[in-house]
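S.K.: Take a look at this one; I'll ask things after.
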Amino acid sequence: MSYTSIISTAELADHLTDPTWAVIDCRFALNNPTLGHQKYLEAHIPGAVYANLDEDLSGPPIPGKTGRHPLPPVEQFTQTVANWGIDAYTQVVVYDETSGMYAGRLWWMLRWLGHDAVAVLDGDFRHWQKEGRPVMSGEEQRTRRSFIPRPRPAMEVSVEEMVANLASGQAKVFDVRSEVRYRGEEETMYPVAGHIPGAHSAYYAHNLDAEGKFLPPEQLRERYAKLLGETPPSECIFYCGSGVSVHHDLIALERAGLGVGARAYIGSWSGWIADPTRPVATGEES
């Protein structure tokens, strides 16, 4: 059995010493890029290696062209994955301390390379600690393995496709940021507030319960059935601020059993506004 969306703390605890499992710590803070690694060194799940959003999960941003967190080249990320001791037979578990907001990026990227056996730790590191489960300190490494990528470029949507969709309306677009950022009432990260014209609000935090865990599949199905309407996931595009939290909604869709095929615009809001000639909308969409 492989885990492909989320995994419980109990299920992970049962496999901590399994050499065919790899655990990746993805804790990060956009306003303090070194904080996640510092916390990892202080305490992490035994055997976990650390993945840095800026250094491992992103390529260098190009001003005026890309968003804040563009994808790294396939060849580069393939080497990173191999250095983490992951091969085709490895079950990967990723976690953070923000209910999967950062870990979801790595979840999606591994699938982007063709590796489906990856799951996000439900309840994240906070629940692992709350339950009194074991932790380690310091840096850890895994033995390098050979990883052969099977890229799925269709999972990503280019900015050119996003622009073309403004006229065609072929795909239904969703913005996973908070409602106030979506409506343009507040924007603390970027110089322009609002959303891509035609996009609908689908705040990722609504995938979670009061404890920060994913809602049961039936509740997620109800939520996304209302959001998507008659549109199949394969004709839906999701985006966020910089291509990180966008993946949370894609995890929720899979947990809901609504099929695969929804795509991500990695450039997201930071990439969209890199060109000041692109239109911006505020308020609610009909």
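The values are calculated or read from the model by the stated rules, or taken from the named source; none is laboratory data. Everything numeric here is computed off the predicted structure, so don't read it as measured data. Note that each Cβ is placed from the backbone with ideal geometry, even for glycine, and that neighbours are counted across all protein chains shown.
S.K.: So, of the residues in segment 121-140 that are in contact with a His (Cβ under 9 Å, 6 or more places away or on another chain) and under 18 Å from Gly100 (Cα atoms), which turns out to be surrounded by the fewest Cβ atoms within 10 Å (Cβ to Cβ)?
M.R.: Phe125
S.K.: Going by the conditions given, is Ser270 of a type in the set (Ser, Thr, Tyr), surrounded by 24 or more Cβ atoms within 10 Å (Cβ to Cβ) and in contact with a Lys or Arg (Cβ under 9 Å, 6 or more places away or on another chain)?
M.R.: no
S.K.: While we're on this one: Here's a check for you: in segment 193-211, which residue that is surrounded by 14 or more Cβ atoms within 10 Å (Cβ to Cβ) and aliphatic (A, V, I, L, M) is farthest from Gly271 (Cα to Cα)?
M.R.: Here the answer is Leu208.
S.K.: Right, next: Considering only residues that are modelled with pLDDT under 95 and hydrophobic (A, V, I, L, M, F, W, C), look in segment 237-276 and name the one that is farthest from the chain's Cα centre (by Cα).
M.R.: Leu258
S.K.: Name the residue, out of Gly241, Gly259, that is over 30 Å from Gln129 (Cβ atoms) and touching a helix residue (DSSP H, G or I) at 6+ places or on another chain (Cβ under 6 Å). Please lay out each step first, then the result.
M.R.: Values: Gly241 fails: over 30 Å from Gln129 (Cβ atoms).
From the options Gly241, Gly259, the qualifying one is Gly259.
S.K.: List the pairs whose first member sits in segment 158-178 and is free of Cβ contacts under 8 Å to residues at least 60 places away in the same chain, whose second member is of a type outside the set (S, T, N, Q), and whose Cβ atoms are under 7 Å apart, counting only residues at least 6 apart or on separate chains?
M.R.: Taking only residues 6 or more apart or on different chains, the pairs are Gly169/Gly198; Ser178/Tyr203.
S.K.: Tell me the residue from Ala205, Ala199, Ala171 that is at pLDDT 95 or above and either out of contact with any strand residue (DSSP E or B) (no Cβ under 7 Å at 6 or more places or on another chain) or acidic (Asp, Glu) (or both), please.
M.R.: Going through Ala205, Ala199, Ala171 in turn, the sole match is Ala205.
Residue by residue, here is whether (1) surrounded by 19 or more Cβ atoms within 10 Å (Cβ to Cβ); (2) over 14 Å from Phe147 (Cα atoms); (3) in contact with a Phe, Trp or Tyr (Cβ under 9 Å, 6 or more places away or on another chain) holds:
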site	(1), (2), (3)
Val74	no, no, yes
Gln79	no, no, yes
Val93	yes, yes, yes
Trp108	yes, yes, no
His115	yes, no, yes
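Quick grid of which residues meet (1) of a type in the set (Ser, Thr, Tyr); (2) within 17 Å of the chain's Cα centre (by Cα); (3) surrounded by 15 or more Cβ atoms within 10 Å (Cβ to Cβ):
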{"position": "Ser146", "(1), (2), (3)": "yes, no, no"}
{"position": "Glu161", "(1), (2), (3)": "no, no, yes"}
{"position": "Val180", "(1), (2), (3)": "no, no, no"}
{"position": "Arg183", "(1), (2), (3)": "no, no, yes"}
{"position": "Pro217", "(1), (2), (3)": "no, no, yes"}
{"position": "Glu222", "(1), (2), (3)": "no, no, no"}
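S.K.: Answer yes or no: is there a residue in segment 33-45 that is within 24 Å of Thr78 (Cα to Cα) and aliphatic (A, V, I, L, M).
M.R.: The answer is yes, given that some residue of segment 33-45 is within 24 Å of Thr78 (Cα to Cα) and aliphatic (A, V, I, L, M).
S.K.: If you don't mind, there's one more thing I want to ask. So which residues in segment 102-144 are among the β-branched types (Val, Ile, Thr) and either under 13 Å from the mean Cα position of the chain (by Cα) or closer than 27 Å to Val260 by Cα (or both), if there are any at all?
M.R.: Passing the criteria: Val118, Val120.
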